[in-house]
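Note sheet for the following structure.
The values are calculated or read from the model by the stated rules, or taken from the named source; none is laboratory data. Quick caveat: nothing in here was measured; it's all calculated off a predicted structure. Cβ: placed from backbone, ideal geometry, glycine included. Neighbour counts: every protein chain shown.
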């Protein structure tokens, strides 16, 4: 539904008022009227009726159009004021328009009134839009973070926003109407400013227009400070002007100077120093980083640090590190890094978060250095430690072999003592007892049992001596093993034994002796505990390796269970002292297998 046009009429003639109303209702359907004749009613109409348009006769008994127009102007109402009268002079008409009326219409020419109303309404609407645009422009300029200054083609300042006041120290009222060169331009730049201005007026071009510039500006106090500015020419129908957007870069210059100073220092250190923004994009890359990683600073600026890490494993770790830093955490450790050429090297990296002056995380900085040489030294040291340990083990094994040899010599000595001395004593004792029996037959029966015990003891000592005493040189290992087999066959529970001896290379005597003792120990275990029916013994020596296998079909045992004897431990010690390996396999009911391999 179209909004009604509310018209406030100032008219003392009811007939004229009716005529005007009927004419307008015919031309404009959505009109309504309020008629006033006095100043008091006019003011009340303005305050209560809120008209969209005022139509005023020129002369009323106590009130006229000039007075009404003055009241209207005082209220600054954005609506048209049109004079509708009988006759007026050209001078009066011009004056009433000058005072603020939008138009005047003679009552005998009402046909022009509708178009005059439309024109006046459109004019007020346009003026309102201009005022709104101007208010918005002023709000924007006043809210802008930058100082905004406009000058006309004469160099006169026409706009000076609050930020300009704050930046330069001049109040708006102090500079509007003054030349720019008289306020903020330092003396050393005034000549260039004036020449540039003249050049633009002649050619319409200027070398500094529409560009971001850095220069010095002058404060009201006389102090100069660095600014960044952009100057844009603005062309309008009512005249061209220039608009400058200016910001103080004093702090930025200080930071840049500090950064340049720090960068100069950082370029002298041997460690790679890399800084990124909060997203991981490189913002600093020192000389050492160029040398270590192979990328120049120009190649890395703006690139993401993860994209400069080709290896997938390194890329994944880089993502983890960035995640930790984004939480404000520090990270340090060793990192396998790839260079630009694809080669890799170990580096020790320390990464730290960077905060701005307000404590907000805004980037990361990392320091790294190549630890390849250190790694090589560590590996060399580890190899040396391993070699030393190996030598110690071998020395210990030599000591063990020497101890075993000493034990064998001691066994030989004990065996010989038992055989040569103890048996001689027992034989002499038996001889004296025999002599007593010959002299006195009555004691024969009493001495018969002791003499049998002496015979048994002599035989036991002989057998024991035989086990203990072995040759220490020129050992016939095959014959010694066959001696063990013969004794096994003569035991109370005879065992079928298969023996194979294949030795193509001569074996050292000390190794032969240890093999003999291992076989002796295992056969002794089989004889005492296994209840075996069959035993296989294989000795094979070739390609500088001696292999021994002893298997039986006895009752077996749990190899992981507790063992009361030390026989197996003795065998293992003998094998290990020669850098050999012993493999033992057995389980209840499935016999036992021992395999020995000893290099020589």
Q. Restricting attention to the range 363-391, which residues are in contact (Cβ under 8 Å) with a residue 12 or more places away in the chain and closer than 14 Å to residue 334 by Cβ?
A. 366, 367, 368, 369, 370, 371, 372, 375
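When only residues in the range 325-351 that are in contact (Cβ under 8 Å) with a residue 12 or more places away in the chain and within 10 Å of the chain's Cα centre (by Cα) count, which is nearest to residue 368 (Cα to Cα)? First the steps, then the outcome.
Initially, the range 325-351 is screened for residues in contact (Cβ under 8 Å) with a residue 12 or more places away in the chain, giving 325-326, 328-342, 344-351.
Adding the requirement that they be within 10 Å of the chain's Cα centre (by Cα) leaves 325-326, 329-331, 351.
On the way: 325: 16, 326: 19, 329: 17, 330: 14, 331: 12, 351: 9 Å.
Restricting to residues being in contact (Cβ under 8 Å) with a residue 12 or more places away in the chain and within 10 Å of the chain's Cα centre (by Cα), the top hit is 351.
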Q. Do we find that residue 480 is surrounded by 16 or more Cβ atoms within 10 Å (Cβ to Cβ), in contact with a helix residue (DSSP H, G or I) (Cβ under 6 Å, 6 or more places away or on another chain) and modelled with pLDDT of 80 or more in this structure?
A. yes
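Within the range 25-52, take every residue that is in contact with a strand residue (DSSP E or B) (Cβ under 8 Å, 6 or more places away or on another chain) and either outside the structural domain of residue 116 (by TED's automatic domain parsing) or under 16 Å from residue 117 (Cα atoms) (or both) and give me the one that is surrounded by the fewest Cβ atoms within 10 Å (Cβ to Cβ).
The initial filter retains those residues of the range 25-52 that are in contact with a strand residue (DSSP E or B) (Cβ under 8 Å, 6 or more places away or on another chain), namely 25, 28, 30-37, 42, 44-46, 49-52.
Applying the additional criterion that residues be either outside the structural domain of residue 116 (by TED's automatic domain parsing) or under 16 Å from residue 117 (Cα atoms) (or both) yields 25, 28, 30-33, 51-52.
Working: 25: 13, 28: 16, 30: 11, 31: 17, 32: 13, 33: 20, 51: 20, 52: 18.
Going through the qualifying residues, I end up with 30.
Looking at the range 1-17, which of its residues are surrounded by fewer than 13 Cβ atoms within 10 Å (Cβ to Cβ) and either free of Cβ contacts under 8 Å to residues at least 24 places away in the same chain or touching a strand residue (DSSP E or B) at 6+ places or on another chain (Cβ under 8 Å) (or both)?
Taking the range 1-17 first, the residues surrounded by fewer than 13 Cβ atoms within 10 Å (Cβ to Cβ) are 1-4, 14-15.
Result: 1, 4, 14, 15.
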Q | Residues of the range 449-475 classified as surrounded by fewer than 12 Cβ atoms within 10 Å (Cβ to Cβ), closer than 23 Å to residue 537 by Cβ and modelled with pLDDT of 70 or more, total | A | 1
Q: Name every residue in the range 506-531 that is under 14 Å from residue 546 (Cα atoms), without any contact (Cβ under 8 Å) to a residue 40 or more places away in the chain and either under 60 Å from the mean Cα position of the chain (by Cα) or not in a helix (DSSP H, G or I) (or both), in order of residue number.
A: 506
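Could you grab me the full set of residues in the range 145-188 that are part of a helix (DSSP H, G or I) and over 49 Å from the mean Cα position of the chain (by Cα)?
As a first pass, look at the range 145-188 and keep what is part of a helix (DSSP H, G or I): 162-168, 172-175, 180-182, 187-188.
Hits for the range 145-188 are 172, 173, 174, 175, 180, 181, 182, 187, 188.
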Q | Lone qualifier among 196, 206 - being modelled with pLDDT of 80 or more, surrounded by 11 or more Cβ atoms within 10 Å (Cβ to Cβ), at negative phi and not in a strand (DSSP E or B) | A | 196
Q | Residues satisfying the stated conditions in the range 546-585, i.e. part of a strand (DSSP E or B) and surrounded by 19 or more Cβ atoms within 10 Å (Cβ to Cβ) | A | 546, 548, 550, 551, 552
Q. Which residue, of 22, 62, 74, is out of contact with any helix residue (DSSP H, G or I) (no Cβ under 6 Å at 6 or more places or on another chain), under 26 Å from residue 126 (Cα atoms), in the same structural domain as residue 12 (by TED's automatic domain parsing) and surrounded by fewer than 17 Cβ atoms within 10 Å (Cβ to Cβ)?
A. 74
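Regarding residue 421, is this residue within 30 Å of residue 520 (Cα to Cα) and at pLDDT 75 or above? It would help to see each step written out before you state the result.
Values: within 30 Å of residue 520 (Cα to Cα): yes; at pLDDT 75 or above: no.
In short, no.
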Q. Considering only the range 492-509, how many residues are at pLDDT below 90, surrounded by 15 or more Cβ atoms within 10 Å (Cβ to Cβ) and within 19 Å of residue 540 (Cβ to Cβ)?
A. 2
